[in-house]
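The block underneath contains the structure these notes are about, expressed in structure tokens.
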Amino acid sequence: MRGLAGKTVFLTGAGAGIGRATALRLAREGMRVWVSDRDSGALDDTLQEAGRLNLRLETVKADSSSEAEIGQAIRRAFDATGRLDVLVNNAGGSLHTPYRFAEETDEDWSRVMGLNLMGAVWACRAALPLMQRGGGGRVINYGSKAGRYGSLIAGPNYAAAKGAIASLTRQLAMEYGPDGITVNCICPGVVLTPRTSGLWAERRSAEERERIVAEIPLRRHADPDDIAGVVAFLASDDAAFITGVALDVNGGQAMA
Ligand SMILES: NC(=O)c1ccc[n+]([C@@H]2O[C@H](COP(=O)([O-])OP(=O)(O)OC[C@H]3O[C@@H](n4cnc5c(N)ncnc54)[C@H](O)[C@@H]3O)[C@@H](O)[C@H]2O)c1
């Protein structure tokens, strides 16, 4: 990918799953990669995996549900490298809250909104001034098919949080475009990670799972590397004129 080597990227909640795959992909592209997670074991595993692949990345323990922690972590990456080019707001998820609206409590809503939406808001609040100072940058948010067309495994709180991420993306793209900063959001369908594989099996019968995959035009769910490639593209020079989009990455499932 053009224009990635030597640039600094900060990825939140990237000790596992899609975030880890994306961090490794961006390290392979020659970026200076900083990964945060609240789980230090996950960070250690990511570091080991990077070592096995002969890739370099830096890790920092930070809870994306805390404005202070995520702000300090982003600042640390900036101070160490002297720049911040790309922010990937990956931390998120439905936090195993119920699928049915009537069963979701205020606390469930608050946790899911706090991590998915406010986590991205707080990371942007810390990162955008640093990007302005550097003359430009890229923000890549993680929406979801859930936020655009509904979810088969996560509930209304998650769908609402991911819809809000898409709206936040558009508004920030308008406000920060004049500073040379693009803001985009990717909207994956189901991506098979250890967490979602469990949730998928718990919330849909074997028969339903088979039928749903059979209706996806590409006849499979995504792999974390499918998402990592899209993030690398949006961070690259080839995506310089794309901003404010919510990009479907769902194998055509939205048409099914
Ligand atoms: N997996 C999917 O099917 C799917 C589909 C659409 C969108 N997404 C979105 O993609 C992103 C990554 O999803 P995933 O399935 O890879 O996630 P995951 O559940 O596998 O978690 C990845 C990492 O996030 C960390 N994490 C969780 N809460 C955190 C917090 N408060 N602060 C810091 N780190 C925290 C975990 O420790 C873990 O290492 C999320 O925003 C998710 O909503 C996922």
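The values are calculated or read from the model by the stated rules, or taken from the named source; none is laboratory data. All values reported here derive from a predicted model rather than from experimental measurement. Methodologically, a virtual Cβ is constructed for each residue, glycine included, from the backbone with ideal geometry; neighbour enumeration extends over all protein chains shown. Surface accessibility is based on the protein's heavy atoms, side chains included, excluding ligands, DNA and RNA. Shrake-Rupley method; radii C 1.70, N 1.55, O 1.52, S 1.80 Å.
Brief remarks on what is shown
- Selection from the stretch 204-228 of residues that are surrounded by 15 or more Cβ atoms within 10 Å (Cβ to Cβ) and more than 12 Å from the ligand (Cβ to nearest atom): ARG204, ARG209, ILE212, VAL213, ILE216
- Failed criterion for LEU87 (all others in (1) of a type in the set (A, V, I, L, M); (2) buried (at least 19 other Cβ atoms within 10 Å of the Cβ); (3) within 13 Å of the ligand (Cβ to nearest atom) hold): (3)
- When every residue of the stretch 230-245 is checked against the conditions, at least one turns out to be among the aromatic types (Phe, Trp, Tyr) and touching a residue at least 60 places away in the same chain (Cβ under 8 Å).
- Candidates ALA62, ALA42, ALA77 - the one that is aliphatic (A, V, I, L, M), within 22 Å of ALA126 (Cα to Cα), in contact (Cβ under 8 Å) with a residue 24 or more places away in the chain and near the ligand (Cβ under 9 Å from one of its atoms): ALA62
Residues checked against (1) within 9 Å of the ligand (Cβ to nearest atom); (2) open to solvent by less than 10 Å² (accessible area, probe 1.4 Å):
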{"site": "LEU117", "(1), (2)": "no, no"}
{"site": "ASN141", "(1), (2)": "yes, yes"}
{"site": "LEU192", "(1), (2)": "yes, no"}
{"site": "LEU199", "(1), (2)": "yes, yes"}
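- In the stretch 157-175 there is no residue that is open to solvent by less than 30 Å² (accessible area, probe 1.4 Å), in a loop (DSSP other than H, G, I, E, B), within 10 Å of the ligand (Cβ to nearest atom) and within 27 Å of MET31 (Cα to Cα).
- So ALA102, is it more than 22 Å from GLN171 (Cβ to Cβ), at pLDDT 95 or above, in contact with a strand residue (DSSP E or B) (Cβ under 9 Å, 6 or more places away or on another chain) and away from the ligand (no atom under 11 Å from the Cβ): no
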